[in-house]
Amino acid sequence: MNIFRRTIPLIIAFCLGIVMIFRYYVPHQSAEDLLTKYGEWVRIIGGFSIVLGLYSLFFTHYTKIKRGMPGWGYSIFVFIGFAVMVFLGLIKEFETFLSIISGKLIDVTSPFGSWEKSLTGTSYDWIYQYIFNACGATMFSILAFYIASAAYRTFRIRSVEATILLLAAVIIMIARVPIGGLISHWIPDLADWIMEVPNLAAKRGVLLGMCLGSISTALRIIFGIERGYLGGGE
Amino acid sequence: MIKFLLNIDRRIIFILVLLALIIPLKSQIFNMPVKPTSTVEKIYKKIESLSQGSIFLLSSDYDPQSRAELYPMHIALLRHCFRKNIKVISMTHWIYGVGIAEEALKKASAEYNKKDGEDYVFLGWKPGFAMLIIGMGQDLYSAYPTDYYGKNTRDIPMLKNVASLRDIDYMIDLAAGATIEPWIIYGSDVYKFEMGAGCTAISAPDMYPFMQTKQLNGLLGGMKGAADYETLLEKGTLVGENLTLEEKTNLAREAMRPLTAVHLLIIILVIMCNILYLLTREKK
Amino acid sequence: MTPEKNNKTIDTILLIIFVAFLLGINIFLFSGKYLHFDTQGVGIVVAAFLTLAMYSFLYKDNPLFKIAEHIFVGIGMGMGVVLTWLQVIKPLLYKPLIRHAIFDNTPGTPDYILIVPMILGIFMFARLYGKTSWLSRWSFAFIVGGGAGIGIPVIINSLILKQLEPSLQPIFVDWVVTWQSINILLILVGTISVLIYFFFSLPHKGTIGGISRIGIWFLMISFGATFGYTVMGRMSLIIQRIQFLLTDWLHIIK
Amino acid sequence: MNCHYARSGLITLIIVLLAFPLAVLAQDKPSLMPPQDFIAFDTPNDDGKSISLIWKASESDREGVYYIIYAATSSKGPWKEQYRVLSTTRFKSDAPQYFGLSKDNEKWHFYEVTDINENPLSITTPTYFKLAVTDGTNTIAFPGIALSMPQGNWFDTSKINVLVFVIVFSFLVMYFISLARKNLNLFIRHIPGLDAIEETIGRATEMGRPILYLNGLLDMSSLSTIASTSILGKVARKVANYDSQIKVPCYDPIVMSVCQEVVKESYLEAGRPDAFKEDNIFFITNDQFAYAAAVDGIIVRHKPAANLYMGYYYAESLLIAETGAVSGAMQIAGTDSITQLPFFITTCDYTLMGEELYAASAYLSREPLQLGSLKGQDFGKGFIILMLVVGTIVSTIGYPFFVNLVRTF
């Protein structure tokens, strides 16, 4: 049984890894096709996995409701939101489902099914615009408050490092609004210099180190040294 | 007291931020002239140099969540083109961007009495990203057989001489995500048209290398980029030309007032908390 | 009453006032014809409610936020399912393969090779039964192994080499020192010192300690700059939300 | 009508006659020379969609002089003009990905043909080409026909530097891993954030509150997620030993199921399989801000004693970390998302930056194999530093050797 549980997955990872490395050097069309196909397959597998997510989410909230745990009432909203979205999103897809039941093929040719070229005016779009985007954009914009309070709490001249961080942030902040340029043209110039010289250097350093780290992790995966992703030894 | 101020309830800061945003939005406080940056000027000059009837492609690849940062420059660019009688092709790679792209085009074209099909075309959305760009580079009519409203692209008067991306005079990608790079790699590098870009403030620094290599001729970064462009547009108006009310509403420059206020607020808060911090340290 | 209980009472009162205020304003907006009773008008009201409910979290966790949060999670999940069907399963699996199995008159020939990813996908379900959960490892290995292989040359090409190329600029041309020379030198020093900070097999003492300290300074400048740079982007987002509330909803600002 | 033509023809003639002596007088330009060495061949290093045409640059190349390329699908024609190439453009040196960086390339014109008569090139029958040069008045043709057929190539020589890097680096890592097998005492410097994990877990146990662990927003094939799950394994084992609780809200279903496996395994290794609760590792949603909202809710309601954020994050980083910081939890972050690092640095007690995240699992496990690969990475960094220093010096002296070495196409 060990063969199926451990050896085969490691062989799959090894073979695919090696093939994918060497594929990169082949300009032939078939190499390009291989990559596209692989990408599609991964998306298909990922598509199935959403069922796992659904199961987990529903299980969590179903248990909450069933056991009457504190705040169970809110869990109902998860189900409502989900049901409404799926119903409206797939409303026209029911043609497809109907066709399966009736045994007759109805061809919906566009790549997005009934979506054709736009969502404008559909009920799906209404939900997207007024519910989903309202929540998302608001959550996103809460960052504005947080960035201010984080600055107030943490920008303190505790050490040399903290002072440097603070100064850089203040200079860039003042240079990014018209007042910076009005005080002196040096301020926007200095800000540009910070972005283009020390900032670039630091990012480059982090990036180079990180690349080596990720390559070595990838190599460990291909050669079966890193097995954490399979879920431990056994 | 100092202790209290140092560990101030953050909700007070939230209120201050909110006030710093709303007060300048309602009044004219912090109304300051905007000094355009050179990267923005390059785009402005490029469009200024285009002759009447040139073809300009605008790919607006952002969704409502990034509307705040990209919509103002979207409008400013369209106004500039229509003012110069440049023909605009508008499209998007993002399905959630269709609504905004259409809205912007309708708004700007109405201001200048431009006609669909003659002065501008809205191609709408299609899937494919890089593949779509390559397709448009080979044959625009087969990549987009119809425009957004279902008209046959071959029959649209404005597209008569636009068979592929090679016939584009200038192109700008307004991106909230990673669409600028594919446009460079699969579009402008291959089909040899000049290209500029507009992006959110946070991704602007990542675009500087492309300007070094001249793959982008200029860049509009976030709200400041749009405000710069609006300033240039206003300066560029001919003497005696009257701006309409719509043209005077400059979305990004309106936003510069609250932005200035809130930046100053944060800087003042940081300075204040550091003075307090030093005071507590001295006591110890 | 204990202070905690007192707080709770205050919160409840606040919540009731807030909800009543919302109701009142919306009734006023609809009756005053500021908003029309159509999809757009109702949409704006719903969006305004959710926006304020989300913002109420800034004050404190509360029932309104909890409702908005749970709806948001449900809708987000629903969108995930819809998109998975429309963008993945339908075009990549249903149309080229499954449809052929169901109908006789499907045009084209079925793409049988797709059975492989389908089986690997079904193996994921094995996770749900303890005994067979090892089957899902095959799928993990397929995804992770391939990903690792794709990554290696791409990282070397587009990150390492692409970053090295502009780093190898001549410091000065014809022995003329300019601003540019100083900048190039600074970038070089910065990059190297940051790289040295990340050395794991050397203790941060002596020279190495000194250089890595410089590396940290460079990092701090970069972090500070990114922080400052991001402020404007985030503030723009909130201006948009405020404009939505004040213009689209309340019609206070034109 | 006829009269009109005749008149305009006459005017043209007069102009030409008048201009002729001037043209003779201005004889500093060399007269038009016939094209030389016109060759067609399959474009190297490509996917088999194009044919390359090359011919020698001549002294008469200047503004106003064009090369005309004709093509046909058979050697007998019909010939049709396809492209006009300005004689001062299109050189072999424009395409170093095909021809390398030799100086000689500047002396050859090069044109890459991908279609004729707006159809893609045939890959089964050859395509025929003719070349002519014109200055507007005279046209001289190349005496001969070139033909070729496009072919997909199996090795891209322009990417050889990438291959060398892959091989050198793989060798370094594998070598140090094998060395590590023999020598078990490899030094590794302190990573303060990781030293704090143990303390954090102890504190959580004392307070009787859970530990929150996030994996970031990428899927299982990303390296930061892999690093994160393997750190989770080590953390979960300590949590099991301390008899504390760990909560893992997930963004991706596959990551969730891997995490369940990993944590279960760790509890088993710690001898506490009974204490493992699968419900604690759960899926929220795969939408960025819905996830952030839900995690914020968890932080506020469950008040975890410690929050560990390992993996790749986007804008939600500050939304989560700031809520965590205000809730009073001890926070340790680790991310390879450079743009989000500043927000973790300011809101967390410890932050693992970039590579430190990948090193964390080796650091925590102290497994020689993993430590060996860290050593390999360090040598890789040493190699890069050496290249930076030597390369800059060499290019300052005036040799672009190193720049060409790392050039990518």
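Numbers below:
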quantity: Average partner coverage of D:312-321, which counts Cβ from other chains inside 10 Å; calculated: 3
quantity: Cα gyration tensor of chain B - equivalent ellipsoid semi-axes, whole Å, descending; calculated: 41, 21, 17
quantity: Kirkwood-type radius of the stretch B:73-220, with distances r between different C-alpha atoms, in Å; calculated: 15.6
quantity: Chain D: angle of helix D:355-365 to the longest principal axis, Cα-based, in degrees nearest 10; calculated: 40
quantity: Estimated D of chain A in µm² per second, where Rh is the Kirkwood radius over Cα pairs and Stokes-Einstein applies at 37 °C, 0.692 mPa s; calculated: 131
quantity: Angstrom value of the Kirkwood radius, inverse mean 1/r, which spans all Cα pairs in chain C; calculated: 26.4
quantity: Cα-based equivalent ellipsoid of the stretch C:169-254: semi-axis lengths in Å, sorted from largest, via gyration tensor; calculated: 45, 21, 8
quantity: Among beta bridges that DSSP assigns inside the protein assembly as shown, antiparallel share in %, nearest 5; calculated: 45
quantity: Most fluctuating residue given options D:N153, D:N45, D:N138, as computed from a GNM of chain D linking Cα atoms under 10 Å; calculated: D:N138
quantity: Loop-located chymotrypsin sites (Phe, Trp or Tyr not before Pro) in the stretch D:119-158, at most 16 other Cβ atoms within 10 Å (DSSP); calculated: D:W154, D:F155
quantity: Translational D in µm²/s for chain D (Stokes-Einstein at 20 °C, 1.002 mPa s, Kirkwood Rh from C-alpha pairs); calculated: 78
quantity: Positive minus negative residues near D:M174 (Lys, Arg vs Asp, Glu; Cβ under 12 Å); calculated: +3
quantity: Kyte-Doolittle mean at least 1.6, axial Cα span of 15 Å or more - DSSP H helices of chain B; calculated: B:10-26
quantity: Rg/Rh for the stretch D:186-366, where both radii come from Cα atoms and Rh is the Kirkwood radius; calculated: 0.92
quantity: GNM result for chain D, Cα springs below 10 Å: residue of D:L86, D:L352, D:L232 fluctuating most strongly; calculated: D:L86
quantity: Low-density loop cleavage sites - trypsin sites (Lys or Arg not before Pro) in the stretch B:142-230, where at most 12 other Cβ are within 10 Å (DSSP); calculated: B:K160, B:K192, B:K214
quantity: Once the Cα gyration tensor of the stretch A:1-68 is diagonalised, semi-axes √(5λ) in Å; calculated: 37, 19, 7
quantity: Centre separation in Å (Cα based) which lies between the stretch C:102-121 and the stretch A:27-42; calculated: 18
quantity: Packing-based order for A:125-134, A:12-21, using average beta carbon neighbours within 10 Å, highest first; calculated: A:125-134, A:12-21
quantity: Nearest-ten-degree value, helix A:198-222 long axis tilted from longest Cα axis of chain A; calculated: 30
quantity: Most mobile listed residue (D:L214, D:L147, D:L194) in chain D, GNM with C-alpha springs under 10 Å; calculated: D:L147
quantity: Alpha-carbon centroids, the stretch A:175-234 and the stretch D:101-156: separation in whole Å; calculated: 44
quantity: Principal-axis tilt of helix A:160-175 within chain A, Cα atoms, nearest 10 degrees; calculated: 80
quantity: The protein assembly as shown, Rg to Rh (Cα coordinates; Rh as Kirkwood inverse mean 1/r); calculated: 0.97
quantity: Within the stretch D:165-242, trypsin sites (Lys or Arg not before Pro) in DSSP loop having at most 15 other beta-carbon neighbours inside 10 Å; calculated: none
quantity: 10 Å Cβ neighbours from other chains, averaged over peptide D:125-132; calculated: 0
quantity: Environment charge of D:L131, counting only residues whose C-beta is closer than 14 Å and scoring Lys/Arg +1, Asp/Glu -1; calculated: +2
quantity: Environment charge at D:F401 (Cβ cut-off 15 Å; Lys +1, Arg +1, Asp -1, Glu -1); calculated: +1
quantity: Kyte-Doolittle at least 0.5, axis length at least 18 Å by Cα - qualifying DSSP helices, chain C; calculated: C:3-31, C:39-55, C:63-83, C:135-154, C:179-197, C:206-243
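Computed from the coordinates by the stated procedures, all read-outs in this text should not be read as laboratory data. If you're wondering where the values come from, they're calculated on a predicted model, not measured in any experiment. Cβ atoms come from the backbone with ideal geometry, glycine included; neighbour counts cover every protein chain shown.
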